[in-house]
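One structure below.
The values are calculated or read from the model by the stated rules, or taken from the named source; none is laboratory data. Predicted model, so just to flag it, every value in this text is computed and none were measured. Neighbour counts are summed over all protein chains in view; Cβ atoms, including those assigned to glycine, are modelled from backbone coordinates with ideal geometry. Ligands, DNA and RNA are excluded from the accessible area calculation, which covers all protein heavy atoms including side chains. Shrake-Rupley method; radii C 1.70, N 1.55, O 1.52, S 1.80 Å.
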Amino acid sequence: RRFFSWSTRMKEVTRLDELEALSAGEQTLLLDFYMTTCPPCRRLAVELDALEAEGKLPVLLCKVDAERLPQAAARYGVRGVPAFFLIRSGKVLAQGVGYRTRAELAAWIETALNVEPDSGAAPAKPSG
């Protein structure tokens, strides 16, 4: 059962190859690793839905169920959920873990999007 709504700015990722293709592309992504049994994940989904509905989510939101796609969670070093990564052109611009309010998420995204590409951002595909 899904606990978040869907729009054209949201995508559920169900395969590792799909995630790799999306993260290597030029579109900015917000990867949201969640579990359906996680109360903070459900609260975060409400905040992300609200940002999208308000037109304040300037990225493609990719929802990744960490239980159903554990290899993706392992690739990004996810140890707890909710965990989220902002990715552009194959680079992780920022990452976070835990519940954030709508205002905190908006500020986090805005700050991360203003990072220069050559600022030492980590690669989107951590080695390992």
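So how many residues does the range 104-123 have that are over 12 Å from Leu29 (Cβ atoms) and either surrounded by 12 or more Cβ atoms within 10 Å (Cβ to Cβ) or at pLDDT 95 or above (or both)? Explain how you work it out, then say what you get.
Our first condition is that a residue be over 12 Å from Leu29 (Cβ atoms); within the range 104-123, this holds for 104-108, 110-111, 114-123.
In the following step, the residues that additionally are either surrounded by 12 or more Cβ atoms within 10 Å (Cβ to Cβ) or at pLDDT 95 or above (or both) were identified as 104-108, 111, 115, 121-122.
Within the range 104-123, residues that are over 12 Å from Leu29 (Cβ atoms) and either surrounded by 12 or more Cβ atoms within 10 Å (Cβ to Cβ) or at pLDDT 95 or above (or both) number 9.
Which one of these is among the hydroxyl-bearing types (Ser, Thr, Tyr), open to solvent by 70 Å² or more (accessible area, probe 1.4 Å), in contact (Cβ under 8 Å) with a residue 12 or more places away in the chain and out of contact with any Phe, Trp or Tyr (no Cβ under 6 Å at 6 or more places or on another chain): Thr36, Thr28, Thr14?
Result of the check over Thr36, Thr28, Thr14: Thr14.
Within the range 80-102, which residues are over 12 Å from the mean Cα position of the chain (by Cα), outside any loop (DSSP other than H, G, I, E, B) and under 19 Å from Met10 (Cα atoms)?
Arg102
Of the conditions (1) β-branched (Val, Ile, Thr); (2) under 24 Å from Ala107 (Cβ atoms); (3) in contact with a helix residue (DSSP H, G or I) (Cβ under 7 Å, 6 or more places away or on another chain), Val13 fails just one. Which one is it?
Every listed condition holds for Val13 apart from (2).
Output the number of residues of the range 13-57 satisfying the condition of being closer than 20 Å to Ala94 by Cα and in contact with a Lys or Arg (Cβ under 9 Å, 6 or more places away or on another chain).
Looking only at that region, the number is 22.
For the range 40-50, check the following and say yes or no: at least one residue is in contact (Cβ under 8 Å) with a residue 24 or more places away in the chain and in contact with a Leu (Cβ under 7 Å, 6 or more places away or on another chain).
yes
Would you mention how many residues in the range 76-100 are within 20 Å of Ala53 (Cα to Cα) and open to solvent by less than 50 Å² (accessible area, probe 1.4 Å)? Full working, then the answer.
Taking the range 76-100 as the starting set, the residues that turn out to be within 20 Å of Ala53 (Cα to Cα) are 84, 86, 99-100.
Filter once more, so that each one left must be open to solvent by less than 50 Å² (accessible area, probe 1.4 Å): 84, 86.
Of the residues in the range 76-100, 2 are within 20 Å of Ala53 (Cα to Cα) and open to solvent by less than 50 Å² (accessible area, probe 1.4 Å).
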